[in-house]
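So the structure is just underneath, and the comments pick up after that.
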Amino acid sequence: MKVYLDNGATTKLDDSVTKAILPYFNEKYGNASSLHSKGQEAKMALEESREIIAKKLKARPDEIIFTSGGTESDNLALKGVAQLHDSGHIITTKIEHPAITNTCKELEKQFEVTYLDVDKEGFISLHQLKNSIKPNTILISIMHANNEIGTIQPLKEIGEIAKEHKILFHSDAVQSFTKEDINTKKINIDLISISAHKIHGPKGIGALYVKNKTKLKKQILGGKHEYNLRAGTENVSSAVGFAKAVQVSNKKDIKHMKKLRDYFITNILKIKHTKLNGPKERLCNNINLSFAYIEGESIGALLDAKGICSSTGSACSSKELKASAVLEAIHLPPEYINGSLRLTMSKFTTKEELDYTLEELKKIVEKLRKLSPLGK
Amino acid sequence: MYTKKVMKHFQKPKNYGEMKDADAIGTAGNERCGDILKIYLKIKNNKIQKISFETFGCPAAISASDVLCELCKGKTLKQALNITAKDISEYLGDLPKLKQHCSVLGKEALKKAIEDYKKN
Ligand SMILES: Cc1ncc(COP(=O)(O)O)c(C=O)c1O
């Protein structure tokens, strides 16, 4: 059996998305900036796509800036805000995606950055957030759902704090978009990063929600595309695919994933010395476990040999030979930190696939524990 | 990312398990990524009669441990000490660059086991 449980990394295109995209390669291939009919046909498709995505966030179409993905959206948000200032202070967290963390590291050359702690379940403290605010704080960037452990931060409360202090608020919602409700009418938020390939859309397209009148320093220079915030001939086919993916997302799929997630977690925790990383109430498709005394890359390699795709935050598996910063930040005990396994489902995941994974995973954990000198 | 040989030794190691009547035990830990390897030896007339391992680590670390045991069987202590990380890596048909450090660990554990034996 082939089981793909790495949907946090990327997802399969929905068939309806593939179908929607195809005409834009060799029929409706015009440049959306051209004034002739071929160009206007593409322009129309682009603007319809923008509208669909805006609607999902309860935003205006002119508040959606298409980018090449979540990474670029994060870069545009952080650098775009920061570079309008000569100096200042930025608040973020210790559990952000590298697109945020590494951008912040770069900005540290000129700006001061505070990285908020998180508790054992991965939540920031609103109290610490308030206390970290300085007179020169220019931006708060706190992710919505964490990509590793599925913790969902309270955007509404964070937004209120930001508003009270008149500080811009950005959130990386790449993992949560369409899975959690984000209503820009109800929460105070200025910038939101989203990406298509996590939601059964194409890779290489994302967007940044930029609240009306929010000023940003343009990062990619050229023509006046995307409300003069991001130059480059518009990726119309991908925008159409992104919008289609948003359009077909629905509550039923989320319920389906939640049910499977809880079923799997309940059963896998029957294995001794196994921990769920992250909170119980979490992103609908995210499962993150740690098995004491064994190593995550080995678990993943044995799962792969059984046709099951997963991911791990172990030190051995990383290019820097460092355990995941997120697992470090939640202070996972040492015997658990290298034995982590992330399984991320999609709407296509079935109970049969999870039963097969449960069965194989139990055998694998037992096998690796026999090989291990620890825990005896 | 791993060769067939690595996967074979990783998935079906022949030489693993605690040895209750071991004459010597050596443990080495890898600070770089947290691997831990324990080597058990049964020694007679300065020759390695039996050898087994227990490893906490990635596929490269586990397969390298198994291969080290394979290479040590029947060797004199001196011969065993001459086995290099390169021998292990070559036996496995090359480890990924990032995983080369995994093959060093076995030699350290073996050296410690033999030192432990010589002390007693
Ligand atoms: C939380 C988060 N932010 C940003 C990204 C980057 O998005 P993209 O792959 O579209 O650049 C990802 C995905 O890898 C993510 O999970």
| field | Interatomic Cα distance distribution for segment B:4-119, bins of 10 angstrom, percent | value | 16, 53, 28, 3
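Please order A:S125, B:S52 by the number of other Cβ within 10 Å, starting at the fewest. List each step's numbers first, then the result.
On the way: A:S125 13, B:S52 20.
If I rank by nearby Cβ atoms, fewest first, I get A:S125, B:S52.
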| query | Taking a ≥ b ≥ c as the square roots of the eigenvalues of the Cα gyration tensor of segment A:76-225, is the shape rounded (a/c under 1.5), prolate (a/b larger than b/c) or oblate? | reply | rounded
| note | Given a Förster distance of 35 Å, the FRET efficiency implied by the Cβ-Cβ spacing of A:K224 and A:K252, rounded to the nearest 0.05, works out to 0.30
| Which whole number gives the average count of other chain Cβ atoms within 10 Å of the Cβ atoms across peptide A:318-328? | 2
| field | Net charge dipole size for segment B:4-119 [Lys, Arg +1 and Asp, Glu -1 on Cβ; Debye, nearest 20] | value | 340
| said: Within segment A:1-33, list the residues whose amide N lies under 15 Å from a label point set 7 Å along Cα→Cβ of A:K363. | reply: A:1-3
| task | Can you tell me how much longer the chain between A:K370 and A:K94 gets when fully stretched, taken as 0.36 nm per residue apart minus their C-alpha distance, in nm with one decimal? | result | 95.9 nm
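What FRET efficiency comes out for the pair B:E90/A:M1, r = Cβ-Cβ distance, R0 = 41 Å, nearest 0.05?
0.70
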| request: Give me the percent of DSSP beta bridges within the protein assembly as shown that run antiparallel, rounded to the nearest 5. | output: 65
| Spin-label model distance (nm) - A:F348 vs A:K38, 7 Å beyond Cα toward Cβ | 3.4
| said: From the C-alpha coordinates alone, can you work out the Kirkwood hydrodynamic radius of segment A:97-137, in Å? | reply: 11.6
| query | If you line up the long axis of helix A:98-107 against the longest principal axis of chain A, both from Cα atoms, how many degrees apart are they, to the nearest 10? | reply | 60
| Peptide-level mean, for A:360-373, of C-beta atoms on other protein chains within 10 Å | 3
| query | Which whole number in µm²/s is D for chain A by Stokes-Einstein, with the Kirkwood Rh taken over Cα pairs at 25 °C and 0.890 mPa s? | reply | 113
| Relative exposure of A:T349, A:T312, judged by other C-beta atoms within 10 Å (fewest first) | A:T349, A:T312
| task | Measure nothing but the geometry: give the 0 to 90° angle between the long axis through the Cα atoms of A:155-164 and the longest principal axis through the Cα atoms of chain A, rounded to 10°. | result | 50
| query | Build a GNM of chain B with springs between Cα atoms under 10 Å: which of B:G26, B:G106, B:G17 gets the top mean-square fluctuation? | reply | B:G17
| What angle do you read, to the nearest 10 degrees and between 0 and 90, between the alpha-carbon axis of helix A:251-268 and the longest principal axis of chain A? | 20
| Hey, if you put +1 on the Cβ of every Lys and Arg and -1 on every Asp and Glu Cβ in segment A:276-376, which of A:G300, A:F348, A:N338 ends up farthest toward the positive end of that dipole? | A:N338
| message | Give me the dipole magnitude in Debye, nearest 20, for segment A:220-376 about the Cα centre, with unit charges on the beta carbon: positive for Lys and Arg, negative for Asp and Glu. | response | 460
| query | For the protein assembly as shown, with the dipole built from +1 on Lys and Arg beta-carbon atoms and -1 on Asp and Glu ones, taken about the Cα centre, which of A:L371, A:I182, A:S249 lies farthest toward the positive end? | reply | A:L371
| message | If the rule is a partner Cβ under 4.7 Å, which cysteines in chain A fail it? | response | A:C104, A:C284, A:C309
| note | Rounded to the nearest 0.05, FRET efficiency between A:K19 and A:D355 (Cβ-Cβ, R0 41 Å) equals 0.85
| query | Okay, helix-only estimate at 222 nm for the protein assembly as shown: each DSSP H run of n ≥ 4 adds -39500 (n - 2.57), divide by all residues, round to 500 deg cm²/dmol; what do you get? | reply | -12000 deg cm²/dmol
| said: Loop-only trypsin sites (Lys or Arg not before Pro) in segment A:166-226, please: DSSP not H, G, I, E or B, and at most 14 other Cβ atoms within 10 Å. | reply: A:K166, A:K185, A:K186, A:K213, A:K215, A:K217, A:K224
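Every number in this text was worked out from the coordinates using simple rules, so none of it is lab data. Please read these numbers as outputs of a predicted model, since none were measured by experiment. A quick note on method: Cβ atoms are made from the backbone with ideal geometry, for glycine too, and the neighbour counts reach across all protein chains shown.
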